[in-house]
Structures are given as structure tokens and as C-alpha cells.
Amino acid sequence: MGVKKIEKLWGGRFKKNINKEMEEFISSLSFDKKLVKHDLLGSIAHAQMLGKCKIINEEEKDKIVEGLKQILKEVQKGKIEIVNGEAEDIHSWVENKLKEKIGTIAGKLHTARSRNDQVALDERLYLKEEVQKIQDLLNDLQTSLLLIAEKNLDVIMPGYTHLQHAQPILFSHHLLAYFYKFNRDKGRMKDLFKRMDVLTLGSAALAGTSFPIDREYVAKELNFGMISENSLDAVSDRDFILEFLSTSAILMMHLSRLSEEIILWSSKEFNFIELDDSFCTGSSIMPQKKNPDAAELIRGKTGRVYGNLINLLIMMKALPLAYNHDMQEDKEPLFDTVSTLGKSLFLMSKMIETMQVNKEKMETSTKGDFSTATELADYLVKKGLSFREAHKLIGKIILYCLENKKSLEDLAISELKSFHKDFKEEIIEILKPHSAIEAKDSYGGTSLKRVKESIQKAKKIMEEK
Ligand code: ARG
């Protein structure tokens, strides 16, 4: 039929050109070009190993390594652009470019290697870098939380359950709650890093290779702590991405909860904080509006990060060993999660750092809300009542207050005594929010002393990282 064959890495056994739509459909270059640096670094280490093991000769090795290094330099300086459609994927693109530079010797680079072990390597190299950046961003966020907690150490706010006033707490205690949530996220990142730190190159297509390669050498060159044990497992495994995506989903959930609180707190009804102008936008129609957009979008983008995890779990679930082309679909959810997480963490830490805390409003919100009712009950328990009896009696006092439009603070000692003879003058002081807070002196509680201790501990944790 006279159809001209175009160059493909696998073109040899084909008589016909690939169908145009098919070519577009299978191409991953538009997104896996993100891995160009890692593909080049992996290829350099591989070529060096081939030379060292005398699988290619010294001169061939030097030419290949030199060519790859030049491409790396040109890519990093923006001198070559990776144009969509130029190749099937980033691995083919690199090999084509190398051929343009050094001629047919380029074809020796792929000895003892397959794109299957290559892509697994590139993704691990990429993700190891990104996880470290995410850990740095988590550190920044934890530092911002500590900074604002320390600055507002003794600010009182209502603590909530069911979004109803429950018991007064310190605002710093609330911020520290997030510090510890993010600390667990950081721990999970650190943990998954260990399982990602495994060299897969050298597994070749699925069965290993008949060439006398040196995997230890490549692992050292590329700074991997371990070498994969089973070639079939190595090319078919995407657990390391799934672990990252699930840890990211949990982390986004924490960011989303904090966002939700920021959105509530900056509403007129709460008015606990004011966000800095630089992290808000206005309305095109209502001139008075100042919207907490960054927080809303972090909350909103949590959905796509969850989606990315589910996407990959479903894509992987019925794949027979070893490599299947389905697995090319792992990249977009991975890249999207990395970028969403990075931006969300950065903005959250800036938002926290720059927000104004409305101490008076927080504190006055704890007045007249019955949130010290538990103190009344505890008081009677200390006088010998069972907690159940005390709880019932305080319930009656609350009812009395509601019927007479009074708050607990309005009650005279004589009124309290009419409910129980053991109420003494001291109860008036005990009922105040700051006394209630001071009384919560159990380990991990909200008393000023405990929170101060907790901040010191948090600072130590930050030094250990
Ligand atoms: N672009 C492919 C991917 O991302 C690379 C591996 C291709 N291997 C193959 N045998 N077609 O998964």
C-alpha cells in the first residue's frame, strides 16, 4: 500500500503506520514530560552501569552519558521544549533526542532495560523529591500554627461539640489540635517514603535480564536505600503511589476541616478572626463582600484529591501481573495531587500566619452560654454527690435560668443554695470561663499550664524532624 513507516521504539514487526487517533489515544507525553529530569538522570546512571559492567564499551558509554547530560542541561535552561505529539511518551522522547545528538549509538542505551522498569523508576525518583517538599511545607504550616498559638496563648474561646457551645477552651489549644493532626500526616509521609525508596530499574520488562548488570551500583548512583526483590512485583507495583494518595487524602481532610473553621470564624456571626486582604476576594456585585476564597477552595479541592485516590485504586484492582498499559493512567492523578497539596499547604500556612484574632469577640462568646455547667456538676461531685445526681440537679438549674431569662453568671449564691445547700460563695469564681479552663489541668487538657507545656513539646518535635 506504500504507507511510509514512522519511527517507533517498537516499529520493527509492524507493516503499517499507527492510526492517527490511536496514536493520540495512547500518548502520555503531554503529561509524563513532567518526568523528563528523572528519566534523564535514571538513563545516565543506567548508561554508566552498562559501561562499568562492560555491556557497552567505554567510548559508547561516554557518548551516551555526554549526550544525555547535554539534553538535561538544555531542558533545564528551557532551550528545548517538549512538544506534544513529538513522541509516544517521555522515554521515547529522550531516546529520539539522544539519537539526534549522537546517532545510532543512542540505541544501545536501552540494553538491559524496558520502559516498564524505567517508568517505575522515574515515578519513584519524582515522588521522593515531591514528598520531601511536602514535608517542608507541612513544617511551615506547623510553625505558623505554633506562632499564632504562642501569640494568643491565653485567648479564651468557646469549645464546640455538635457545633454547639460545649466548654470554654484556649484558642491556642484549638490551634495545637491541628498541629498534632499535621504531625501525624508528616509521620505518614515519612513512613511511606521508606517503601518508595526502592530501585526498580534492572527488572527489565518483567523477568529480569540476561545481561550481567550491577543493580547495587545504580541504586547508589540514584540514592536509593533498597533494591526491589522481585522483578514481576517491581514493574507491576503502584502501592507507593497509592500510599501517597491515601496519605494525601487524609492530609487534605485535615486542611479542609481547618478551612471550614476559618470560613465559619470569619463570618459576621462568629467574627473570631479577620483574614488578611491578600488571601480574600470581593464580589463583582456586592461592594461590601470579603470572601475567604483560599479556605473555600482548599475545602473544595479536597474532593479531587479523594477522587484521585479512588481513580487509581479502581484502575489497579483487576490488573493481572505484570505491566499493563492501564497503568499509564496513574500519572495525572499523581501529578494533580502533588500540585493541589503543595498549593493548599502553602496558602493555609500564609493564611494562618497573617490572620487577625478578635480576642474580645472570642471571649465574650463564652459568656452566658451555659458552657460552665459542667463545673457546677463537678463541684457538687467533689462535695460527695454522684455525677448522675449532680448532672440532673444542674439540668434543673439550667431550666430555671432559661425560664427566668438568666445566665449561670447571673445567679446569686442564694438562688444556687436553694437548689443545693452545699453551694458556697467560691462557686461564683469557679463558674467563670477562665476558672473552668484553669481547672482542666489533666494531661493534654486546656489549662494554661498544660498548653504552655504542649507548646514546648511541639517545639521539640519540630527540632527533631
Ligand atoms: N508511558 C508508559 C506508562 O506510563 C510507559 C511504559 C510503557 N510500556 C509499554 N510496554 N508500553 O506506563
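The values are calculated or read from the model by the stated rules, or taken from the named source; none is laboratory data. For clarity, every value in this text was computed on a predicted model and none was experimentally measured. Here the Cβ is made from the backbone with ideal geometry for all residues, glycine too, and neighbour counts use every protein chain on show. These area figures cover heavy atoms from the full protein model, side chains too; ligands, DNA and RNA do not enter into them. Shrake-Rupley method; radii C 1.70, N 1.55, O 1.52, S 1.80 Å.
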Restricting attention to region 326-385, which residues are modelled with pLDDT under 95, within 24 Å of P158 (Cβ to Cβ) and either of a type in the set (K, R) or within 16 Å of the ligand (Cβ to nearest atom) (or both)? K367
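Is it the case, given these coordinates, that L345 is touching a helix residue (DSSP H, G or I) at 6+ places or on another chain (Cβ under 7 Å) and either under 30 Å from R115 (Cα atoms) or open to solvent by 70 Å² or more (accessible area, probe 1.4 Å) (or both)?
When the stated conditions are applied, L345 does not pass them.
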Which residue out of D369, D378 is in a loop (DSSP other than H, G, I, E, B) and among the acidic types (D, E)? D369
Return yes or no: is G51 surrounded by 16 or more Cβ atoms within 10 Å (Cβ to Cβ), within 18 Å of E221 (Cβ to Cβ), within 16 Å of the ligand (Cβ to nearest atom) and not hydrophobic (A, V, I, L, M, F, W, C)? no
Only one of K396, K392, K421 is part of a loop (DSSP other than H, G, I, E, B) and either at pLDDT 95 or above or open to solvent by 60 Å² or more (accessible area, probe 1.4 Å) (or both). Can you tell me which? K421
Checking the conditions here, which among I263, I285, I314 is more than 17 Å from the chain's Cα centre (by Cα) and within 30 Å of T364 (Cα to Cα)? I263
Filter region 20-46 down to residues that are in contact with a Gly (Cβ under 9 Å, 6 or more places away or on another chain) and away from the ligand (no atom under 16 Å from the Cβ), then give me how many there are. 0
Only one of A177, A249 is hydrophobic (A, V, I, L, M, F, W, C) and within 26 Å of L312 (Cβ to Cβ). Can you tell me which? A249
May I ask you to list the residues in region 93-118 that are within 11 Å of the ligand (Cβ to nearest atom) and either free of Cβ contacts under 8 Å to residues at least 12 places away in the same chain or closer than 19 Å to L50 by Cβ (or both)? S114, R115, N116, D117, Q118
What pairs can you find where one residue is in region 192-211 and at pLDDT 95 or above, the other is assigned to a strand (DSSP E or B) and open to solvent by 30 Å² or more (accessible area, probe 1.4 Å), and their Cβ atoms are less than 6 Å apart, with a gap of 6+ or different chains? V198/M226; L199/I227
